[in-house]
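Trainee: My questions will all concern the structure given below.
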Amino acid sequence: AGYSWAHYFGFEPIMDEDFITTACQRLWSYYNSASTLRLKLGQWHFYTYDHWGGAEIARGRPDTAMIVHKWDYDYYYTANPSFVFWQDLQKTNSAYGSYMTAPCVWRSLFQMTGYLLDNAHNRLWIRPKLPTAMNDSLQNAPLMNPYGWGTLSYNGASIGPQKQSITVSFDNEVTVKELVLKNNTGMDKPFVQINGSYAGITVTAENNGIEKNLRVTLATPLKIGPAGVKIKVYTESVGAKGTI
């Protein structure tokens, strides 16, 4: 849970990479070998798919997280719908102790989009870690925000020097002074373009071992509204009129 929630809140990993990796591998060996979905999920499925599943997403293994979430979906949503959205089960059927699951679904969406908006400090995190079946792309994924709805479209497939293409919009204008993106370039000094320009942008690579991010500081605050903002990450400088 510690690493999953640290990533969710935009904190640095609070455990060593080898500890996180070993823990996740042991959990997979233990739960995946179980004979039934109920045993695979454990006594409290919230911990299985939120804490463990969230850690798998955070360490770049969303395919494993999707398997665990599918266990939960098949068992609770499909086979036992009466056990969903009900926190009082322990008093009536202790064999199916369960937390509410809808908030966990939203939290998993945030984990996979890598989205976090810190309105107090005008920081926006976008660090998608997507299942293989999604081909490293999203189209109009929902972004919740206290000031209004938002959407994210993302393409993380390499197209020449382009490594990421990100479009973010919000129904109501949001001010951003800093962006945190994932670093999938393999470089310490990649290039970030915002709305076709490199002006006033400082890019710093951050490597916390298991996580590799780019911190993008803006000389002039960026206002993101319904028209959206286009962010691109490159391994080399590409002109504003480039073909990519």
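The values are calculated or read from the model by the stated rules, or taken from the named source; none is laboratory data. It should be emphasised that the depicted structure is a prediction, and the values quoted were computed from it without experimental measurement. Neighbour counts run over all protein chains shown; Cβ positions are idealised from the backbone, glycine included. To get the accessible areas, we keep the full protein, side chains included, count just its heavy atoms, and leave off ligands, DNA and RNA. Shrake-Rupley method; radii C 1.70, N 1.55, O 1.52, S 1.80 Å.
Trainee: Counting only C-alpha contacts under 8 Å and six or more residues apart, can you give the relative contact order of the chain as a whole percent?
Mentor: Contact order relative to length: 15 percent.
Trainee: Taking θ as phi - 60°, what are the ³J(HN,Hα) couplings along the range 28-33 by the Karplus curve (6.51, -1.76, 1.60), each to the nearest whole Hz, with x for Gly and Pro?
Mentor: So the Karplus estimates, Gly and Pro as x, are 4, 4, 6, 7, 5, 7 Hz.
Trainee: Related question: Which loop chymotrypsin sites (Phe, Trp or Tyr not before Pro) in the range 164-198, with loop taken from DSSP, have no more than 16 other Cβ atoms within 10 angstrom of their Cβ?
Mentor: Here the chymotrypsin sites (Phe, Trp or Tyr not before Pro) that fit, given the DSSP loop and packing criteria, are Tyr198.
Trainee: Now a separate question. Give, rounded to the nearest 20 debye, the magnitude of the charge dipole that the chain has about its Cα centre when Lys and Arg contribute +1 at Cβ and Asp and Glu contribute -1 at Cβ.
Mentor: The dipole of the chain has a size of about 340 debye.
Trainee: Considering only DSSP beta bridges where both residues belong to the chain, give the percentage that are antiparallel (nearest 5). Please list the in-between numbers first.
Mentor: Details: 41 of 45 bridges.
Of all bridge pairs located within the chain, approximately 90 percent are antiparallel.
Trainee: Could you work out the local net charge near Glu17, counting Lys and Arg as +1, Asp and Glu as -1, over the other residues with Cβ closer than 12 Å to its Cβ?
Mentor: That sum, taken over residues with Cβ under 12 Å, equals -2.
Trainee: Let me have the relative contact order for the range 1-76, percent, based on Cα pairs under 8 Å that are six or more residues apart.
Mentor: Dividing the mean separation by the residue count of the range 1-76 yields 33 percent.
Trainee: Next question. Share of Cα-Cα pairs in the range 180-244 beyond 20 Å, in percent? Please list the in-between numbers first.
Mentor: Numbers: 622 of 2080 pairs.
Percentage above 20 Å: 30.
Trainee: Whose amide H sits under 5 Å from the amide H of Leu152, counting only residues 5 or more places off or on another chain, with H placed in the peptide plane?
Mentor: Residues meeting the criterion, in which the H sits 1.01 Å from N, are Asn140, Ala141, Leu143.
Trainee: Bins of 10 Å, beginning at zero and ending with the bin holding the largest distance: percent of Cα pairs per bin for the range 105-244, please.
Mentor: 12, 45, 37, 6, 0
Trainee: Same structure again: In whole percent, and with a 1.4 Å probe on the protein chains, what portion of the accessible area of the range 137-244 is carbon and sulfur? Write down the numbers at each step before the final one.
Mentor: Values: 2640 of 5220 Å².
Carbon and sulfur: 51 percent of the exposed surface of the range 137-244.
Trainee: So what is the accessible area of the chain per residue, in Å², with the probe set to 1.4 Å?
Mentor: Details: 12080 Å² over 244 residues.
Using a 1.4 Å probe on heavy atoms only, each residue of the chain averages 50 Å².
Trainee: Let me ask something else. Please express the shape of the chain as an equivalent ellipsoid: the semi-axes are the square roots of 5 times the eigenvalues of the C-alpha gyration tensor, given largest first in whole angstrom.
Mentor: Over the Cα atoms of the chain, the ellipsoid semi-axes are 36, 20, 15 Å.
Trainee: 5 Å is the cut-off here: which amide hydrogens, built 1.01 Å from N in the peptide plane, fall below it relative to Gln164, excluding neighbours closer than 5 in sequence?
Mentor: Those lying under 5 Å, H to H, from Gln164 are Val233.
Trainee: Select from Thr217, Leu41, Thr235 the residue farthest towards the positive end of the dipole of the chain; place +1 on Cβ of Lys and Arg, -1 on Cβ of Asp and Glu, and compute about the Cα centre.
Mentor: Result: Thr235.
Trainee: Run the quick spin-label model on Ser237 and Glu206: label points 7 Å from Cα toward the beta carbon, then report their separation in nm to one decimal.
Mentor: Those two pseudo-labels are separated by 2.6 nm.
Trainee: With axes computed from alpha carbons, what is the tilt in degrees of helix 62-72 against the longest principal axis of the chain, rounded to the nearest 10 within 0 to 90?
Mentor: Here the helix axis deviates by roughly 30 degrees.
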